[in-house]
Amino acid sequence: MITEFGHFALILAFIVAIVQMIVPLIGAHNRWPAWMAVAEPAATAQFWLTAFSFGALMYAFIVSDFSLQLVTLNSHSAKPMLYKISGTWGNHEGSMLLWVLIVTLFGAMAAWFGGNLPPTLRARVLAVQSAIAVAFFAFILFTSNPFIRLAVPPFDGQDLNPLLQDPGLAFHPPFLYLGYVGLSMTFSFAVGALLEGRVDAAWGRWVRPWTLAAWVFLTIGIALGSWWAYYELGWGGFWFWDPVENASFMPWLLAAALLHSAIVVEKREALKSWTILLAILAFGFSLIGTFIVRSGLLTSVHAFANDPERGVFILMIMAFFMGGALLLFAFRASTMEAKGVFGVVSRESALVANNLLLAVSCFVVFVGTMWPLIAEMFFDRKLSVGPPFFNMAFSPFMLVLGLILPIGSAMPWKRARMLRAMRPLKYVFILALAIGGLVFAMQTGRTLLGPIGMFLAAWVVMGTIVDLAQRTGRGPGRLARLTRLPRADWGKMIAHAGLGVTIMGVSGLMAWQQEDIQVAQFGEPFEVGGYTLTLNEVVRSEGPNYLSTTGYITLSENGNVIAQLEPEKRIYPVAQMPTTEAAIDYDLARDVYVVIGDEQVGGGWAVRTYIKPLTNWIWIGCGLMSLGGLFSLSDRRFRVAAGARSKSASPVPAE
């Protein structure tokens with residue numbers, strides 16, 4: 001009965017969303033306060049109804065209600081409780097219900113905390129956000145209903161995809177969706193501003209927290225997914241340029257560009273049209289990612305669905321919102337006259353360069369992701385675009401971005417002098433070059449990737465420290481002034497330093513990784529990269545819902561035992577699917593990564609070993625970037641954004 005109530009609540013939420021989409025929009029157009037006021041209680045009701053519906057579905061998974069088709073297809077009574085709960089969104093229908101729950105949550109938050117917004121803008125933003133919810137409510141109810149009952153329930157279920165039965169994948173989708181859907185809020189603000197006919201400094205201040213929140217959640221979600229791929233798939237990498245990975249990375253790049261562009265709108269009332277366009281495109285690429293994951297158009301190890309009919313529905317949603325928003329943008333873009341004038345050498349110009357590099361790099365990733373499909377459709381050729389293309393085409397943009405980041409941060413607004421901006425950074429640049437040269441000398445003729453990466457990482461991190469020191473001025477009391485810096489400034493420093501740390505980790509791993517594959521005999525040690533590994537035994541056992549083959553390996557260095565590793569292979573009998581559980585000895589300097597293979601005919605077991613330098617600095621860097629975003633979000637200026645509203649700002653005339 002609870003699931004029936006959940007289904008009914010979902011239908012009610014759909015009806016409320018339709019009302020919220022229409023009534024406040026009409027009210028804002030006609031300046032009718034009562035009609036505009038409908039948006040706030042409707043947004044709240046829509047969220048709580050959707051939350052009840054999602055809770056009902058989760059309850060069905062927790063109690064293993066196999067009369068529900070979705071539970072039967074994606075759960076099993078022997079599955080651990082964590083994966084019963086995460087099974088709620090570990091499938092297409094449940095994940096779409098989570099998606100629309102987050103859409104309604106963001107809409108409700110805009111209603112709860114948007115009291116300082118102009119009433120007409122708030123009504124329009126909530127109406128646009130509700131229109132997005134209406135589209136996805138319709139998609140769920142008409143093509144992906146999670147509450148379908150089975151006439152004859154089975155005794156047990158078919159289990160969740162074993163690859164998803166992992167803590168990293170339990171939390172990865174919710175964070176990723178918070179990022180995707182957070183960009184829907186920036187889209188709603190962009191379309192609401194176009195309908196309102198006003199984009200000014202206050203709008204830039206209002207849209208920044210939503211963009212920042214979406215970017216932080218995307219960063220956490222992508223990092224969790226990357227970490228999962230690193231230790232779970234057994235491939236030994238952190239990023240594979242898989243279509244689903246790219247689907248989340250593209251909006252992240254555009255969200256980063258939007259975040260920096262909104263700063264220019266807020267500070268200088270420039271780049272208005274570009275910022276609005278970025279807000280539209282960032283959410284558009286979130287919809288493209290949804291299409292890639294759920295249409296079956298591109299294959300991936302962690303795509304959700306392979307259903308062209310659902311893909312067409314998502315394509316229609318994307319065409320409606322993107323086409324409508326871009327058409328509205330075309331009508332209004334000429335009226336968004338920039339007020340701030342700035343020189344070629346200025347912080348504004350550095351932020352424009354930042355935007356262009358991020359946007360073009362996103363386009364490169366998009367082309368590489370979609371090109372195999374385009375080649376097959378139009379040229380009848382089957383092509384594969386893999387890491388070599390992405391690494392060569394994407395890396396130069398990140399190199400230039402890292403080079404200009406400390407310089408741009410040191411520049412003043414409006415106009416600057418390059419030599420004056422570079423003066424505090426000259427010693428940092430020399431030291432960074434020295435670090436790169438030292439690394440080049442120590443690595444004895446290997447690839448240049450390592451030295452260049454270390455130089456760039458040192459340049460970004462130390463440039464951030466110099467920027468922080470410059471803000472405290474000179475003379476006594478510098479420490480006190482440091483503690484009084486706005487949290488947004490601290491957040492920027494931490495996030496930029498996190499980018500530098502991530503660059504260091506990625507460069508070290510890609511430049512100096514060592515790999516060894518051999519047949520290991522019991523009790524016979526073998527050497528890999530200065531470490532000694534000894535296979536002691538292999539034990540077969542039974543887990544809660546899987547069969548395990550576990551190797552017990554001793555890891556030693558210079559005759560001293562430093563770890564006991566237990567690489568594992570699992571077979572999930574219900575799903576008839578194997579998984580690989582790598583054994584990793586974590587360290588800040590390196591990871592020793594071991595995978596157990598199959599038993600060999602002549603005796604012994606296949607063992608694959610990697611030595612992965614600096615890998616953990618990748619996750620530390622992602623954590624610092626997320627922490628920097630959270631610091632900025634906690635800044636009081638974001639919590640009282642309307643206080644920055646320019647009294648002199650006049651509405652852009654509507655056409």
Checklist line | Test: residue in region 142-156 that is buried (at least 24 other Cβ atoms within 10 Å of the Cβ), in contact with a Leu (Cβ under 9 Å, 6 or more places away or on another chain) and under 30 Å from Gly491 (Cα atoms) | finding: no
Next item on the list: Mind listing just one residue for me: the one in region 511-544 that is small (Gly, Ala, Ser) and closer than 30 Å to Gly450 by Cα and, of those, farthest from the chain's Cα centre (by Cα)?
Entry: Gly530
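Conditions tested, residue by residue: (1) touching a Ser or Thr at 6+ places or on another chain (Cβ under 6 Å); (2) hydroxyl-bearing (Ser, Thr, Tyr).
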residue	(1), (2)
Ala190	no, no
Arg205	no, no
Val216	yes, no
Ile222	yes, no
Ser226	no, yes
Notebook entry, point to check: Take the residues of region 310-361 that are assigned to a helix (DSSP H, G or I) and touching an Asp or Glu at 6+ places or on another chain (Cβ under 9 Å): which is modelled with the highest pLDDT?
Noted result: Phe331
Item checked: Looking only at region 406-427, and only at residues there that are over 19 Å from Leu271 (Cα atoms) and aliphatic (A, V, I, L, M), the one that is modelled with the highest pLDDT -> Ile407
Next item on the list: Report yes if Gly237 is over 16 Å from the mean Cα position of the chain (by Cα) and either assigned to a helix (DSSP H, G or I) or under 21 Å from Thr369 (Cβ atoms) (or both), otherwise no.
Entry: yes
Item checked: Where a residue in region 159-174 is under 13 Å from Glu581 (Cα atoms) and its partner, wherever it lies, is in a loop (DSSP other than H, G, I, E, B), with Cβ under 7 Å and at least six apart -> Pro162/Ala575; Leu163/Val301; Leu163/His302; Leu164/Gly90
Next item on the list: Could you pull out the residue among Leu614, Leu565, Leu588 that is surrounded by fewer than 20 Cβ atoms within 10 Å (Cβ to Cβ) and at pLDDT 90 or above?
Entry: Leu588
Next item on the list: Return the total of residues in region 197-207 being at pLDDT 85 or above and surrounded by fewer than 24 Cβ atoms within 10 Å (Cβ to Cβ).
Entry: 0
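Conditions tested, residue by residue: (1) under 21 Å from Leu105 (Cβ atoms); (2) surrounded by fewer than 22 Cβ atoms within 10 Å (Cβ to Cβ); (3) modelled with pLDDT under 95.
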site: Val19; (1), (2), (3): yes, yes, no
site: Asn30; (1), (2), (3): no, yes, yes
site: Trp35; (1), (2), (3): no, yes, yes
site: Glu40; (1), (2), (3): yes, yes, yes
site: Phe47; (1), (2), (3): yes, no, no
site: Phe52; (1), (2), (3): yes, yes, no
Margin query: Against the definition (farther than 30 Å from Ser395 by Cα and part of a strand (DSSP E or B)), how does Arg608 come out, yes or no?
Written below: no
Notebook entry, point to check: Taking into account only those residues within region 508-544 that are in contact (Cβ under 8 Å) with a residue 60 or more places away in the chain and polar (S, T, N, Q), which is nearest to Asn558 (Cα to Cα)?
Noted result: Gln514
Check: Ala78 is checked against (1) crowded, with 20+ Cβ neighbours inside 10 Å; (2) in a loop (DSSP other than H, G, I, E, B); (3) hydrophobic (A, V, I, L, M, F, W, C) and fails just one. What number does that condition carry?
Finding: (1)
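The values are calculated or read from the model by the stated rules, or taken from the named source; none is laboratory data. The shown structure was predicted, so the numbers you read here are calculated from the model rather than taken from an experiment. Positions of Cβ are generated from backbone atoms using ideal geometry, with glycine treated the same way; all protein chains shown enter the neighbour counts.
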